[in-house]
Amino acid sequence: MLHCPRRDLTNLDTQDLLTETQLLVMPSSHRFAGRTRVCLPDLVGEPLPRWPGASAGDSHGPQVHDLVQLLHLIALRRMVAVLPSSIRGQLRDDLVAVPVDDAEPTTLVLAWPEHATSPALAPFVRAAAAVAGKATGHGR
């Protein structure tokens, strides 16, 4: 499972599962913690996470390898992060999240090597899409 547009999907087949807005996740003591929303220009100069293999872009915070490390570094006030809104349910008590109005939505996709021939793949993809559809209210 990958989030787009952040991941390169070259040589992969995909099935979109869920499109969601993005949130700024920050420590509860951050200067933006009391806001109801922010915009990307507000984040200029804020330390953002760097993921291995990703282009640097505007990220100039510590390199992170997984979600647990990321949330810990945010709680330590080492960075903030713009993340899909589904993260809200995984936030610690010392973190807050506010919508980023002008952030591009992200899409959670199921990805597998193109030309894969496993007989279990197609039923699995259909089941994942059906579960995602029910979770978002778009199921049959």
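The values are calculated or read from the model by the stated rules, or taken from the named source; none is laboratory data. Since the model is a prediction, treat every value here as computed from it, not as a measurement. Here the Cβ is made from the backbone with ideal geometry for all residues, glycine too, and neighbour counts use every protein chain on show. Quick note on the areas: whole protein, heavy atoms, side chains included, nothing else; ligands and nucleic acids left out. Shrake-Rupley method; radii C 1.70, N 1.55, O 1.52, S 1.80 Å.
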Only one of LEU70, LEU95 is touching a residue at least 40 places away in the same chain (Cβ under 8 Å) and either under 28 Å from LEU12 (Cα atoms) or not charged (D, E, K, R) (or both), namely LEU95
Note on HIS60: of the conditions (1) under 21 Å from HIS3 (Cβ atoms); (2) at pLDDT 90 or above, unmet is (2)
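If I filter region 1-32 down to residues being of a type in the set (A, V, I, L, M) and surrounded by 15 or more Cβ atoms within 10 Å (Cβ to Cβ), which single residue comes out as farthest from ARG92 (Cα to Cα)? Write out each step before concluding.
Taking region 1-32 and keeping what is of a type in the set (A, V, I, L, M), we get 1-2, 9, 12, 17-18, 23-26.
Among the residues that remain, those that are also surrounded by 15 or more Cβ atoms within 10 Å (Cβ to Cβ) are: 2, 12, 17-18, 23-26.
On the way: LEU2: 23, LEU12: 34, LEU17: 26, LEU18: 23, LEU23: 15, LEU24: 14, VAL25: 11, MET26: 11 Å.
The residue in question is LEU12.
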Open item on the list: Tell me whether region 111-126 contains one or more residues that are without any contact (Cβ under 8 Å) to a residue 60 or more places away in the chain, open to solvent by less than 70 Å² (accessible area, probe 1.4 Å) and over 21 Å from LEU2 (Cα atoms).
Closed with: no
Counting only strands (runs of 3 or more DSSP E) entirely within region 1-103, those with at least 2 residues that are under 30 Å from GLU114 (Cβ atoms) are 2-4, 12-20, 81-84
Pairs returned, first residue in region 37-48 that is surrounded by 15 or more Cβ atoms within 10 Å (Cβ to Cβ), second residue that is of a type in the set (Ser, Thr, Tyr), beta-carbon separation under 9 angstrom, 6 or more apart or interchain, are PRO47/SER59; LEU48/SER59
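Of all the residues that make up region 74-90, how many are closer than 17 Å to LEU48 by Cβ and open to solvent by 20 Å² or more (accessible area, probe 1.4 Å)?
Applying the first criterion (closer than 17 Å to LEU48 by Cβ) to region 74-90 yields 74-84, 87.
Okay, now just the ones that are also open to solvent by 20 Å² or more (accessible area, probe 1.4 Å), so 75-78, 82.
The number of residues fulfilling the criteria is 5.
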Across (1) farther than 19 Å from ILE74 by Cβ; (2) within 14 Å of the chain's Cα centre (by Cα), THR21 clears everything bar (1)
